[in-house]
Amino acid sequence: MPKRGKKEDVKAESVENEEPEQKKGKKGGKEPEPVILYEDSPDKLTTDDGKKYTWKISSWNVDGIRAWVKKEGLSWVREEDPDIICLQETKCAEKALPSDVKDMPEYPHKYWACSDEKEGYSGVAMLCKEEPVNVTYGIGIEEHDKEGRVITAEFESFYLVAAYVPNSSRGLVRLDYRQRWDVDFRGYLKGLDGKKPLILCGDLNVAHKEIDLKNPKTNKKTPGFTPQEREGFGTLLDEGFLDSFRELYPDKPFAYTFWTYMMNSRAKNVGWRLDYFVLSKALRPSLCDSKIRSKAMGSDHCPITLYMAI
């Protein structure tokens, strides 16, 4: 089990780069930058042409589902009340899931993917109010599927893909693997998109642009912000997909979804935007809003929520 603050996919080696830059005070000393927290604008419940949302989908990297339940994560889910909630980094075999999650009557259709080889590693889940037409696990490539990182649910008008993308890890030891993943996962998504449009959600383990993390200058060789990872995500967008948050809020700063547990980073809002709703471009007219629930506690990530009129 990874130690707290150094989970398998966290940029633990970048902690020294997570401190806000300092500026000199009047007497030559240093004083911290003012803390600027992110505030969600009011939820927009209609499309640009006035159609009301029909789907509310939330996603959350829970950093261990058993710990998350103890931290009242389910209370947030019940208050938010999405039609579908997708969870990443559950770190739990299905047989060991907390009964509070398995027995939730609000979500009668529940799906779990776990690592085949490591207990307490990776894992994704999808809890649905409406039963999907079909559900599949993985992307059809054993090298990737053994880690329990993808669930795909087919609905009448779209696919929903819940994913926990592998991180390049400390020292970039998995960067080559991450690049193979990006190519293979992109091919998988394009194959789905050729049948019907899709929504991809989850912890994608990349901050795409400099605006998507607090300290871009000092993190250019850090997992999640290497040129290779950023290029991989950009290539996905170039091939027919869009980042729903940046589609609606292209210049919104300080909008992060992950903060390391160390150095009081969350209170200072020294973070990264690693969690996304990515859409097929064909779904752009159906997009109502894409939200970051930065005040929700219970993990080192916060949840995100998407409103769609499909």
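The values are calculated or read from the model by the stated rules, or taken from the named source; none is laboratory data. What you see is a predicted model; the values in this text were computed from it and never measured. Neighbour counts run over all protein chains shown; Cβ positions are idealised from the backbone, glycine included. Keep in mind that these areas ignore ligands, DNA and RNA; they rest on the heavy atoms of the full protein, side chains included. Shrake-Rupley method; radii C 1.70, N 1.55, O 1.52, S 1.80 Å.
Restricting attention to the stretch 139-176, report how many residues are touching a His at 6+ places or on another chain (Cβ under 9 Å) and either surrounded by fewer than 16 Cβ atoms within 10 Å (Cβ to Cβ) or not aliphatic (A, V, I, L, M) (or both).
1
When you scan the stretch 1-116 for strands (runs of 3 or more DSSP E) that lie fully inside it, which ones turn up with 2 or more residues that are modelled with pLDDT of 90 or more?
55-61, 84-88, 109-113
Do we find that E229 is touching a Pro at 6+ places or on another chain (Cβ under 6 Å) and either closer than 27 Å to G123 by Cα or surrounded by fewer than 18 Cβ atoms within 10 Å (Cβ to Cβ) (or both) in this structure?
Here the answer is no, as E229 does not meet what is asked.
Under 6 Å by Cβ, and 6 or more places apart or on different chains, what pairs join a residue from the stretch 117-137 that is closer than 15 Å to M104 by Cα with one that is open to solvent by 30 Å² or more (accessible area, probe 1.4 Å)?
Listed pairs, sorted by first residue: A125/W112; M126/Y111; L127/K110; C128/H109; K129/D83; E131/H109.
Give me the pairs, please: first residue somewhere in the stretch 60-83 and under 19 Å from V124 (Cα atoms), second residue anywhere and of a type in the set (D, E) and part of a helix (DSSP H, G or I), beta-carbon distance under 7 Å, and either six or more positions apart or on two chains.
Qualifying pairs under 7 Å: V69/D100; L74/D100.
Does the stretch 184-229 hold any residues that are in contact (Cβ under 8 Å) with a residue 24 or more places away in the chain and in a helix (DSSP H, G or I), and which are they?
Of everything in the stretch 184-229, those that are in contact (Cβ under 8 Å) with a residue 24 or more places away in the chain and in a helix (DSSP H, G or I) turn out to be D184, F185, R186, Y188, L189, K190, L192, D193, I211, D212, Q228, E229.
Give the residues of the stretch 279-310 that are surrounded by fewer than 24 Cβ atoms within 10 Å (Cβ to Cβ), of a type in the set (V, I, T) and part of a strand (DSSP E or B), sorted by residue number.
Matches in the stretch 279-310: I292, T305.
Identify, from the list I304, I310, the residue that is more than 17 Å from the chain's Cα centre (by Cα) and at negative phi.
None of the other options fit; the residue is I310.
So which residues in the stretch 145-183 are assigned to a helix (DSSP H, G or I), within 16 Å of P223 (Cβ to Cβ) and of a type outside the set (S, T, N, Q)?
Listed by number, the residues that qualify are R170, G171, L172, L175, D176, Y177, R178, R180, W181, D182.
Take the conditions among the hydroxyl-bearing types (S, T, Y) and more than 14 Å from D63 (Cβ to Cβ) and apply them to S294. Does it pass?
Yes.
Taking Y111 as the residue in question, decide whether it is out of contact with any Asp or Glu (no Cβ under 6 Å at 6 or more places or on another chain) and closer than 14 Å to A162 by Cα.
The answer is yes for Y111.
Out of K95, K110, report the one residue that is touching a Leu at 6+ places or on another chain (Cβ under 6 Å) and surrounded by fewer than 19 Cβ atoms within 10 Å (Cβ to Cβ).
Sole residue among the options that is touching a Leu at 6+ places or on another chain (Cβ under 6 Å) and surrounded by fewer than 19 Cβ atoms within 10 Å (Cβ to Cβ): K110.
Starting from residues that are out of contact with any strand residue (DSSP E or B) (no Cβ under 6 Å at 6 or more places or on another chain) and among the polar types (S, T, N, Q), keep the ones in the stretch 257-278 and report whichever is most open to solvent (accessible area, probe 1.4 Å).
Ranking the qualifying residues of the stretch 257-278, first place goes to N264.
In the stretch 98-129, which residues are hydrophobic (A, V, I, L, M, F, W, C) and under 19 Å from the mean Cα position of the chain (by Cα)?
W112, A113, C114, V124, A125, M126, L127, C128
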